[in-house]
Ligand SMILES: *[C@@H]1O[C@H](CO)[C@@H](O)[C@H](O)[C@H]1NC(C)=O
Ligand SMILES: *[C@@H]1O[C@H](CO)[C@@H](O)[C@H](O)[C@H]1NC(C)=O
Ligand SMILES: *[C@@H]1O[C@H](CO)[C@@H](O)[C@H](O)[C@H]1NC(C)=O
Ligand SMILES: *[C@@H]1O[C@H](CO)[C@@H](O)[C@H](O)[C@H]1NC(C)=O
Ligand SMILES: [Ca+2]
């Protein structure tokens, strides 16, 4: 009787825990930075990897256009329909209803007609009509969903999406878009579906999104989810597998990480092969919406990311600090900083601990740890970890007693480069 009740309870527990396990192994469990653990020895904190949730990054974006005066309407200008060059309209920056400033790429969509940014028309043909739209956050972010750009003008014949990882100092292409990849960029046309786990980092040129005005769709993608799917399966049901890969492959992690994005518009939609020089008012760029979904990169040391003075900042845990939790807090530099880890699945690890921690008995020869940053050595010993006899440092050998005691640099991390060449780095590895 007792036994059978026990068995059924046990069965229930197994069921519940396997459900939980399935759930956590599917999505990871990276929304708490620490959990309290109860054991026979008492309770203690278990520090785990953590990350903020993905949000609409366009709420925090800043934009700049190059050339700066490329927006239509100043002076007022007539533009006409691609399909019908005699159906024309006015762009006038001075009149709200006729103005098309850059903000209209980021306002809430869903109304009709759409609100959109619009460039001047291609009056300078045959000189190319070049526009850069640079989006920047002054914060490292990790993309978690497709970048989606909606063109009101027809999708451009030529375009490059670029990214920066260093706040706009250097740029790399992310994807090329063209009606004819070979002709435009000397690249074989590909789609993301042609890639694989092995080639996922390849930068491709796609013809998928460059049909002009006549095509039904106004939308252009940079496919994040299709790339995730190589690791997480077609419906992204196995995120744990993706996270495992991200953890061990820095290139892969960096691929989805940006501080800035740049849309380089190189040739507007023409709808046909030849440009009609009689009706250049038909050619321009117009964008009604840009979607960028991602999360603050906090190196797996924060679940919160807040806006402060118009800037996104991670709310760092694990005694880390910096906009991306990219370093140890002052006086916590015991061990060199490192990013948290998604591994072991499902909870990950914070990967942070203090070198100068009494529990770890890192100070040698009876030295004692002070403020978690330096060892106070007994008179006869010196060195960062009191690992040397004081006299060894003295050119005169051990005959004279030299200055002793702790080296009191403000933090141990400054000393790490000094320790390593002395072959003492082993002390720092537990
Ligand atoms: C746009 O950005 C590229 C580099 O990303 C630069 O070479 C070019 O001069 C910029 N301006 C225009 C108008 O294309
Ligand atoms: C970018 O962020 C840093 C702090 O992370 C700040 O010092 C700097 O002023 C910011 N730059 C801009 C242009 O907002
Ligand atoms: C952060 O510092 C506090 C105080 O020294 C310590 O108790 C805690 O264990 C540290 N947390 C981590 C994750 O190392
Ligand atoms: C962080 O923790 C993971 C999982 O325990 C481990 O594989 C990785 O080497 C650690 N990284 C560092 C820099 O300590
Ligand atoms: Ca809009």
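Every number here is computed from the coordinates shown, using simple stated rules; none is lab data. In this text the structure is predicted, and so the values were computed from the model without any measurement. Glycine also receives a Cβ, built like all others from the backbone with ideal geometry; neighbour counts cover every protein chain displayed.
With R₀ set to 35 Å, the beta-carbon distance separating residue 130 from residue 95 gives a calculated FRET efficiency near 0.80. With the convex hull drawn over the C-alpha atoms of the range 55-296, the volume per residue is 135 Å³.
For the residues 151, 185, what sequence is obtained by ranking on other C-beta atoms within 10 Å, fewest first?
Details: 151 24, 185 17.
So the ranking, lowest neighbour count to highest, is 185, 151.
Between residue 327 and residue 172, what FRET efficiency follows from the Cβ-Cβ distance if R0 is 45 Å, with the result rounded to 0.05?
Working: r = 25 Å, r/R0 = 0.56.
According to the calculation, E is roughly 0.95.
Centre-to-centre, using Cα atoms only, the range 250-277 and the range 53-124 are separated by 18 Å. By other beta-carbon atoms within 10 Å, ranking 282, 306 with the fewest at the front produces 306, 282.
Mind ordering 91-102, 59-70 by average Cβ neighbours within 10 Å, highest first? Present the calculation step by step, with values, prior to reporting the outcome.
Values: 91-102: 15.1, 59-70: 13.6.
Ranking, from highest mean packing down: 91-102, 59-70.
What shape does the range 156-215 have by the C-alpha gyration tensor, where a ≥ b ≥ c are the square roots of the eigenvalues, rounded means a/c under 1.5, and otherwise prolate means a/b greater than b/c and oblate the rest? Walk me through the numbers on the way to the answer.
Working: a/c = 2.11, a/b = 1.29, b/c = 1.64.
Oblate.
Given a cut-off of under 8 Å on Cα pairs at least six residues apart, what relative contact order in percent is computed for the range 55-296?
Numbers: 549 pairs, mean separation 80.6, N = 242.
For the range 55-296, the relative contact order is 33 percent.
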